[in-house]
Amino acid sequence: MATTRRMILLGGLGTAGALVVGYALWPSHRLEKADALAAKPGEKFINNWLKIASDDTVTVVVPHCDMGTGIYTALPQMAAEELDADWSKVKVEAAPPDTIFANGPLGEGFILSTQGMTANDIPAFLRGTVANTFRSVAGYMDLQVTGGSSAVRATGVYGMRIAGAAAREMLVKAAAARWNVSPSECTTKANKVLHAASGRSLGYGALVEDAAGYSPSANPPLKPKDKYTLVGKSIPRVDIPKKVNGTTNYGLDVVQPGMLYAAIRISPVFGGKLKSVDSKTAETMRGVKKVVSLDDSVVVVADRFWRAYNAVEALDPVWDNAGNGKVTSAEIAARHNAALKGDDLKKDITTGNGADALAGGRLVEATYSVPYLSHAPMEPMNCTALWKADGTLEVWSGTQDGLGARAFCAKVSGLSMDKVTYHLLPMGGGFGRRLPGYFNFLEQAVRTAQAMPGTPVKLIYTRDQDMQHDYYRPNVTSHLKGALGADGMPVAWVNDYTTDDGANSEAHIVYGIGNQAVRTAKVPTHVPTGPWRSVEASWHGFFIESFVDEMAHAAKKDPLDYRRAMLGAKPRHKAALELAALKAGWGTPLPAGSGRGIAMFESFGTIVAHVVQVTVGQGGALTIDRVVSAVDAGMAVNPDGFKAQIEGAIIYSLSAAKNGEITIDKGAVVQSNFPDYEVVRLADTPQIEVHLISSDAPLGGAGEPGVPPLAPAIANAIYAVTGTRIRELPLKNHTLTLAAR
Amino acid sequence: MTVKLKINGTEHVLDVEDDAPLLWVIRDEVGLTGTKFGCGIAQCGACTVHVDGNAQRSCVTTVGSVAGKEIMTIEGLSANGLTPVQQAWIDHQVPQCGYCQSGMIMAVSALLKTNPKPTDEQLAESITNICRCGTYPRIREAVRALGEKV
Ligand code: FES
């Protein structure tokens, strides 16, 4: 993996590398299109994502959307670093959702080159793009996606740095030509090219016109790490000032002249259709303009949102449940267990003697499961759409892929891409919910607007609709077996797990165990599923790291030592575990009722080890006191921003571990709002310490990797205190009692 | 059906139902969008505003119940530049997506007026707003830092 990435940076060796570098830099004729789309007077694009103005200001155009992860600061840091720009003269803008700013090819090249995959092997966070065939309309090229913890790793490493360095090289060439000196005699600093020998200097603004005429080189020299002045610094985030005074405009805040509001009720049973609805009473209610029947839902359009909501609640729609009206969580669980016991298991990987090796040691065996989860971002799904008299469509919404959203709207409206304008707005949380493939709210808004030509309509999901019409983190069951040799170390590892899709590479363990068999049992259900912060790692992290702990206890060994003994070939993983353990005081005494658990998982190129300290009270009440984290992501572009992502991942994961559970009854989701889908608040927030490890490894993701090891670290800590092994989440379903010690 | 609301010092005479939710009237009628919708049932606090100086969840507050009272939104709080709470939010880099933060800042500002130096426990007891991005550790730090300045 590392080799491939380095090769790409060194000059496009290999086909994937060539694709990436080739994409990262536009030929100069495309600059005019970019200028027309996104340059203000006095500004000029010098290459992808970089504009330079006559006053030397550099504007970095970010081809991602903001959902709070700090990429509007981290990505510009990377470009500005290579461009030798002074941070006070750097501005940041969102790229318009247009193909010329797509990051799809970049992401694709990145994914294919680092994961050793073929184009048909789409990683989980992008799977919906393929499942929902809009790819055939817009093409994979039309992704501007923000997900998979990929912004810094793909756009940053392969795009922003190259763009910054290439622009610097072009500016130097332009200055050297003016002065009639060799480019090698010129240096750059603080938005200027300098010629030390003659004492001359020129600002970037004076050079940009000339510079844009040079073709960008595919492999401009990149700065060595020790020369960094911006990357690796905790620069305050550029998006924060507008987020403390209420002036960030999210999708929910769109205001258009003459705008109406829409409230929706979607078939409670997934896959259900609207059979009929009597709209008469609703139509007489104050402010109601129209009752719109859609395929799977009924929508009320009114002059104000609360009036639309009151009216939609007053309706009594009749649904056709498409045969799914009897499904329950218990029935799905029974299907999981039957599938895992059946002989339809599909081989994922086998090493050594596989499952046969189980006979070679003492058997440890357990079945784990995790429930469906809703994303529940703070901002419920919403979208504003306007069908114009000229037959074009204008759409406003916050999604994790502006270009993909535009392509999707084109598809559902039957219009060509050029007839659809899409305004990408900041999101009040994404966590995977707003990725392409999961755009039900866009489709419903577009269809509602279609029924109201000439009028902008803002469709807002209530929290109930949001929670009951999500694409859920799947409910997954795993049947694990290990065989322990005479020394207590495992000689065999067998993991059979359910999937509603294909095999998950996250099920492959990092530990050195000679004989392994990993197999899948496909259990399709009618419940729509999708990527939820850390995707497949969110369940495999819990299964694997809990079961390793079980094996350690069965072997009567310290769980930290047990893991270390299996990580001979993985020094970075070992170092992360050791640092977390050291900082948490692993092995030092704690008061009665308190205990620690440890877990470590690598996802999205980042290794995270958590040590969690819990206290179980006399009555069984559980408190999560402290989480100490050690994180190796190679290098953090913005360390404080990176830490914030790990803190956030810990809280998000803690909410799920403690309380998160979507259950199905009569084919529909039971939970509807925060009282029955409780989440962590300040009172449940542990002390959190995050320690970043710098290594030479390629940059890892920030947003997701903090999630997977948290639940197992908690469960392992609970075991340490109570002797009770938690094999099913969430924790709220378990009664804890203090072990008699 | 006329309701008189005093929002951020300005009187608004509005033709709305008595039982219309304050949140949506602030947003859709008055056009102040800094106050957010999160749950609609006073669970999450994204819609927190001040009514006569106290934090109140506007999604379940009917306009009839606050007619004539002093209502303040995040826009009103920010009218004269950043307050110390907002500055602390920047200093501690609190927001992530930022969506909950209007409500969070309104709730914390109201608390600090009556208790400028809350303990962690008092803070947690009083501030029950939800932040799905998980900015709680930084909120706690920011409030501790504000308390130290008292
Ligand atoms: S900052 Fe995103 S919900 Fe609080």
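The values are calculated or read from the model by the stated rules, or taken from the named source; none is laboratory data. A quick note: this is a predicted structure, and the numbers were derived from the prediction, not measured. Counting neighbours? That spans all protein chains shown, and the Cβs are built from the backbone with ideal geometry, glycine included.
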Query raised in the report: For residue B:141, which of the numbered conditions (1) more than 12 Å from the ligand (Cβ to nearest atom); (2) within 10 Å of another protein chain (Cβ to nearest Cβ) fails to hold?
Result: (2)
Query raised in the report: If you take just the helices (runs of 4 or more DSSP H) that sit entirely in the stretch B:36-122, which of them hold at least 2 residues that are more than 11 Å from the chain's Cα centre (by Cα) and away from the ligand (no atom under 16 Å from the Cβ)?
Result: B:63-66, B:84-91, B:101-114
Query raised in the report: Is the stretch B:73-93 home to any residue that is surrounded by fewer than 17 Cβ atoms within 10 Å (Cβ to Cβ) and in contact with a strand residue (DSSP E or B) (Cβ under 8 Å, 6 or more places away or on another chain)?
Result: no
Report task. Tell me which residues, restricted to the stretch A:210-245, are of a type in the set (Ser, Thr, Tyr) and under 20 Å from residue A:52 (Cα atoms). Result -> A:214, A:215, A:217
Query raised in the report: of a type outside the set (Asp, Glu) and within 16 Å of the ligand (Cβ to nearest atom) - does that describe any residue in the stretch A:407-421?
Result: no
Report task. Could you tell me whether residue A:675 is over 24 Å from the mean Cα position of the chain (by Cα), within 28 Å of residue B:142 (Cα to Cα) and assigned to a loop (DSSP other than H, G, I, E, B)? Result -> yes
Report summary line: Residue count, the stretch A:197-248, condition in a loop (DSSP other than H, G, I, E, B) and not acidic (Asp, Glu), comes to 33
Query raised in the report: Take the residues of the stretch B:23-35 that are part of a loop (DSSP other than H, G, I, E, B) and touching a helix residue (DSSP H, G or I) at 6+ places or on another chain (Cβ under 8 Å): which is nearest to residue B:2 (Cα to Cα)?
Result: B:32
Query raised in the report: Which of the residues belonging to the stretch B:71-99 are in contact (Cβ under 8 Å) with a residue 60 or more places away in the chain and within 7 Å of chain A (Cβ to nearest Cβ)?
Result: B:75, B:99
Query raised in the report: Which residue out of A:689, A:661 is within 30 Å of residue A:272 (Cα to Cα) and in contact (Cβ under 8 Å) with a residue 40 or more places away in the chain?
Result: A:661
Query raised in the report: Quick one: is residue A:385 assigned by TED's automatic domain parsing to the domain that holds residue A:417 and either free of Cβ contacts under 8 Å to residues at least 24 places away in the same chain or assigned to a loop (DSSP other than H, G, I, E, B) (or both)?
Result: no
Query raised in the report: If you go through the stretch A:62-83 one residue at a time, do you hit one that is at pLDDT below 90, touching a Leu at 6+ places or on another chain (Cβ under 9 Å) and hydroxyl-bearing (Ser, Thr, Tyr)?
Result: no
Query raised in the report: Restricting attention to the stretch A:702-711, does a residue exist that is of a type in the set (Asp, Glu) and closer than 16 Å to residue A:532 by Cβ?
Result: yes
Query raised in the report: Consider residue B:127 against the criteria (1) out of contact with any Leu (no Cβ under 7 Å at 6 or more places or on another chain); (2) closer than 19 Å to residue A:655 by Cα; (3) within 16 Å of the ligand (Cβ to nearest atom): it satisfies all of them except one. Which criterion is unmet?
Result: (1)
Query raised in the report: Can we say residue B:103 is crowded, with 21+ Cβ neighbours inside 10 Å, facing chain A (nearest Cβ under 8 Å) and in contact with a helix residue (DSSP H, G or I) (Cβ under 9 Å, 6 or more places away or on another chain)?
Result: no
**Report entry** Any chance residue A:671 is assigned by TED's automatic domain parsing to the domain that holds residue A:726, in contact with an Asp or Glu (Cβ under 8 Å, 6 or more places away or on another chain) and touching a residue at least 24 places away in the same chain (Cβ under 8 Å)
**Finding:** yes
**Report entry** Residue in the stretch A:645-659 that is part of a strand (DSSP E or B) and facing chain B (nearest Cβ under 9 Å) present
**Finding:** no
Query raised in the report: Which of the strands (runs of 3 or more DSSP E) contained wholly in the stretch A:270-359 include at least 1 residues that are within 20 Å of residue A:460 (Cα to Cα) and out of contact with any Gly (no Cβ under 6 Å at 6 or more places or on another chain)?
Result: A:273-276, A:288-293, A:297-302
Query raised in the report: surrounded by fewer than 23 Cβ atoms within 10 Å (Cβ to Cβ) and part of a strand (DSSP E or B) - does that describe any residue in the stretch A:541-559?
Result: no
Query - Contacts under 7 angstrom Cβ, first residue in the stretch A:598-616 being closer than 16 Å to residue A:686 by Cα, partner surrounded by fewer than 24 Cβ atoms within 10 Å (Cβ to Cβ) and of a type in the set (S, T, N, Q), 6 or more apart - result: A:613/A:594; A:614/A:594; A:614/A:623; A:615/A:594; A:615/A:623; A:616/A:722
Report task. Could you tell me whether residue A:692 is part of a strand (DSSP E or B) and either of a type outside the set (Phe, Trp, Tyr) or crowded, with 24+ Cβ neighbours inside 10 Å (or both)? Result -> yes
Requested in this report: Can you work out which of the residues in the stretch A:192-248 that are within 14 Å of chain B (Cβ to nearest Cβ) and under 16 Å from residue A:84 (Cα atoms) is surrounded by the fewest Cβ atoms within 10 Å (Cβ to Cβ)?
Outcome: A:233
Query raised in the report: Can you tell me how many residues in the stretch A:590-641 are within 14 Å of chain B (Cβ to nearest Cβ), charged (D, E, K, R) and under 14 Å from residue A:713 (Cβ atoms)?
Result: 2
**Report entry** The one condition in (1) farther than 20 Å from residue A:709 by Cα; (2) touching a strand residue (DSSP E or B) at 6+ places or on another chain (Cβ under 7 Å); (3) aliphatic (A, V, I, L, M) that residue A:489 fails to fulfil
**Finding:** (2)
